[in-house]
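Participant: Before we start, here is the structure in question, set down as structure tokens.
The values are calculated or read from the model by the stated rules, or taken from the named source; none is laboratory data. In this text, all values refer to a predicted model and were calculated from it rather than measured experimentally. Neighbour counts run over all protein chains shown; Cβ positions are idealised from the backbone, glycine included.
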Amino acid sequence: MLELKNISLAVTEDSGQEKELLKDINLSIGDCFTVITGPNGGGKSTLARVIAGIYKPTAGRIFFDGVDITDMSITDRAKMGISFAFQQPVRFKGLTVMDLIKLAAGKDTSLAQACAYLSEVGLCAKDYLNREVNDSLSGGELKRLEIAMNIARGTKLSIFDEPEAGIDLWSFNNLIRVFEQMHEKINGAILIISHQERILSIADRIVVISEGSVSREGSREEILPSLLNTSDRACQTLMKNIV
């Protein structure tokens, strides 16, 4: 589905020096639940933004369903079926939850269909459909709404950048259940950037990125035990961030 070939990204700092954020990354992501993890500042979120089209790589090519999307805009990638959810969900004053679901679906959506999408993420439709997507909604509610919108869109690749950020334990526990259900039902790939052991433990595949490069990748059974019981310095740094 998604193939990254020799992806690198360099930026020029205020000092005039060039800094490499990503270094020659080669990665293939299929129709499965993949978690990208690693130390803070290692390049995880940067890579997610490159895939979504927010950043353009300075070298390498990106292919999605066999199509070269390296030079495509965020909008064109979204039309192909790539969605991206930020750490802090966007709020839309004046738009209701029902409005957003209709926009996400890209077609007329019945009340029953909208209710079904909200039900899949554990939200009671009657309490949310007419609410504005503003500051009255918590971070956990907004993140579940983002997932409902992805389900309505039927995205082929759903990317979530540290979805656990800024939410309380109750919301996090609910979010885990939603991801588990989404994993079972979605016909596509889920890519999550996360430090959280509970998210890592439900992944099909784990990719560890450190200092801008892929340091290891494999199945959950292959990678997670080594993260939990490692003497590797980069992974020790990672595990300090897992709660």
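Participant: Of the conditions (1) more than 30 Å from residue 109 (Cα to Cα); (2) among the β-branched types (Val, Ile, Thr); (3) modelled with pLDDT of 90 or more, residue 69 clears all except one; give me its number.
Facilitator: Result: residue 69 passes all but (1).
Participant: I need every pair where a residue in the stretch 24-46 that is closer than 18 Å to residue 156 by Cα has its Cβ under 6 Å from the Cβ of a residue that is of a type in the set (D, E, K, R) and assigned to a strand (DSSP E or B), sequence separation at least 6 or different chains.
Facilitator: Pairs found: 28/3; 32/205; 34/205.
Participant: In the stretch 133-179, which residue that is of a type in the set (Lys, Arg) and closer than 17 Å to residue 117 by Cβ is surrounded by the fewest Cβ atoms within 10 Å (Cβ to Cβ)?
Facilitator: Among residues in the stretch 133-179 that are of a type in the set (Lys, Arg) and closer than 17 Å to residue 117 by Cβ, the one surrounded by the fewest Cβ atoms within 10 Å (Cβ to Cβ) is 177.
Participant: Out of the stretch 63-80, which residues are surrounded by 16 or more Cβ atoms within 10 Å (Cβ to Cβ), out of contact with any helix residue (DSSP H, G or I) (no Cβ under 7 Å at 6 or more places or on another chain) and closer than 17 Å to residue 4 by Cβ?
Facilitator: Scanning the stretch 63-80 gives 70, 72.
Participant: Would you check which residues across the stretch 50-68 are within 18 Å of the chain's Cα centre (by Cα) and β-branched (Val, Ile, Thr) and list them?
Facilitator: Result: 50, 51, 54, 62.
Participant: When you go through 23, 79 one by one, which is the residue that is basic (Lys, Arg) and modelled with pLDDT of 95 or more?
Facilitator: After applying the criteria, what remains is 23.
Participant: Right, next: Just to be sure I understand, how many residues within the stretch 16-47 are farther than 21 Å from residue 205 by Cβ and either of a type outside the set (Lys, Arg) or out of contact with any strand residue (DSSP E or B) (no Cβ under 8 Å at 6 or more places or on another chain) (or both)?
Facilitator: Here the count works out to 7.
Participant: Moving to a separate point now. Within the stretch 87-125, which residues are at pLDDT below 80 and either under 12 Å from residue 147 (Cα atoms) or assigned to a helix (DSSP H, G or I) (or both)?
Facilitator: Listed by number, the residues that qualify are 89, 120, 121, 122, 125.
Participant: Scanning for something without any contact (Cβ under 8 Å) to a residue 12 or more places away in the chain, part of a helix (DSSP H, G or I) and out of contact with any Lys or Arg (no Cβ under 8 Å at 6 or more places or on another chain), does the stretch 149-164 turn up at least one residue?
Facilitator: Checked the stretch 149-164: no residue is without any contact (Cβ under 8 Å) to a residue 12 or more places away in the chain, part of a helix (DSSP H, G or I) and out of contact with any Lys or Arg (no Cβ under 8 Å at 6 or more places or on another chain).
Participant: Something else: So how many residues does the stretch 203-243 have that are modelled with pLDDT of 90 or more and within 21 Å of residue 85 (Cβ to Cβ)?
Facilitator: Qualifying residue count for the region: 6.
Participant: Follow-up. Condition first: part of a loop (DSSP other than H, G, I, E, B), out of contact with any Leu (no Cβ under 8 Å at 6 or more places or on another chain) and modelled with pLDDT of 80 or more. Now tell me which residues in the stretch 170-198 satisfy that.
Facilitator: Correct list: 196 only.
Participant: Hey, can you tell me all the residues within the stretch 1-29 that are of a type in the set (S, T, N, Q) and either more than 18 Å from the chain's Cα centre (by Cα) or farther than 26 Å from residue 80 by Cα (or both)?
Facilitator: 6, 8, 12, 15, 17, 26
Participant: Looking at the stretch 112-132, which of the residues that are more than 16 Å from residue 142 (Cα to Cα) and of a type in the set (A, V, I, L, M) is surrounded by the most Cβ atoms within 10 Å (Cβ to Cβ)?
Facilitator: 116
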